[in-house]
Structures are given as C-alpha cells and as structure tokens.
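Chemist: Provided herewith is a single structure, encoded as structure tokens, for subsequent inquiry.
Throughout, read-outs are computed from the coordinates displayed, never taken from laboratory work. What you are looking at is a predicted structure, and each value in this text was computed from that prediction instead of being measured. Here Cβ is always computed from backbone atoms with ideal geometry, including for glycine, and neighbour counts include all displayed protein chains.
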C-alpha cells in the first residue's frame with residue numbers, strides 16, 4: 001500500500017474515533033458509488049443532523065492546511081455522492097444535512113531508535 005494511502009486511512013480511522021467520542025454515530029466509512037466517494041457519513045446526535053465528512057490528513061504544513069486541498073471539483077463530487085446516498089437511503093431523507101471537514105495533522109518520526 002502506498003504511503004499516502006496509509007496516512008489517509010490512519011487519518012480516517014482517527015477522525016471516526018474522534019467523531020464517535022464527540023457524540024456522532026458513524027453510519028458509513030468510505031461510502032462509494034459510481035459518482036465518487038465520501039470518507040465518513042455520520043449522524044451528529046447532539047443536533048440530529050446528518051453529516052457528510054471529508055477527512056484530510058497531512059504530515060506537514062508544507063502545502064498548507066489539510067482543508068485547503070479540497071478543490072471545487074471534489075466539493076461537487078461530495079455533493080453528488082451525498083445526493084446518491086440520500087436517494088438510496090430514504091430513511092435519512094427527513095434529516096437536515098451538512099458537509100464537514102475533519103483535518104488531521106500528524107507528525108511522522110523516522111529513525112526514532
């Protein structure tokens with residue numbers, strides 16, 4: 001597995017754990033359809049809102065903040081996939097929905113020992 005995929009998967013796992021600690025119920029991870037993918041779909045149980053979440057993980061700030069890597073094209077894909085999810089899962093269609101970003105910044109230490 002490529003390094004970036006490993007870091008991305010780690011970030012998504014960390015994000016899901018943090019969201020659950022904050023009262024979210026994770027509905028799906030890596031929800032995929034023909035239109036694209038959403039990293040996490042979760043219910044914010046405190047506000048009773050369905051959240052479509054993009055997770056961005058970075059190991060340095062060399063290229064800016066993680067959320068700055070989300071392009072307008074990616075936003076369009078997320079909206080399209082969210083619409084697909086809501087059409088396929090009518091039981092969630094009565095909830096208010098929103099789009100969130102979770103930024104994970106982690107430092108990777110090499111040759112520690």
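Chemist: Taking the beta-carbon count within 10 Å as an exposure proxy, list 79, 88 from fewest neighbours to most.
Modeler: Fewest-to-most ranking of 79, 88: 88, 79.
Chemist: At a 10 Å Cβ-Cβ cut-off, how would you order 7, 75, fewest neighbours first? Walk me through the numbers on the way to the answer.
Modeler: Working: 7 16, 75 12.
So the residues, fewest neighbours to most, are 75, 7.
Chemist: Considering only DSSP beta bridges with both partners in the chain, what is the antiparallel share in %, to the nearest 5?
Modeler: On the way: 13 of 23 bridges.
That works out to approximately 55 percent antiparallel.
Chemist: Once the Cα atoms of helix 72-88 and of the chain are each reduced to a long axis, what angle between those two axes, in degrees from 0 to 90 to the nearest 10, is obtained?
Modeler: 40 degrees
Chemist: Taking the beta-carbon count within 10 Å as an exposure proxy, list 1, 43 from fewest neighbours to most. List each step's numbers first, then the result.
Modeler: Values: 1 7, 43 18.
Exposure proxy ranking, most exposed first: 1, 43.
Chemist: Right, another one. Helix 3-21 against the longest principal axis of the chain: what's the angle in degrees, Cα atoms only, rounded to the nearest 10?
Modeler: Result, in degrees: 50.
Chemist: Can you give the convex hull volume of the alpha carbon atoms of the chain per residue, in Å³? Mind dumping the intermediate values first?
Modeler: Details: hull volume 13.4 nm³, N = 113.
Considering the Cα atoms of the chain, their hull volume per residue is 118 Å³.
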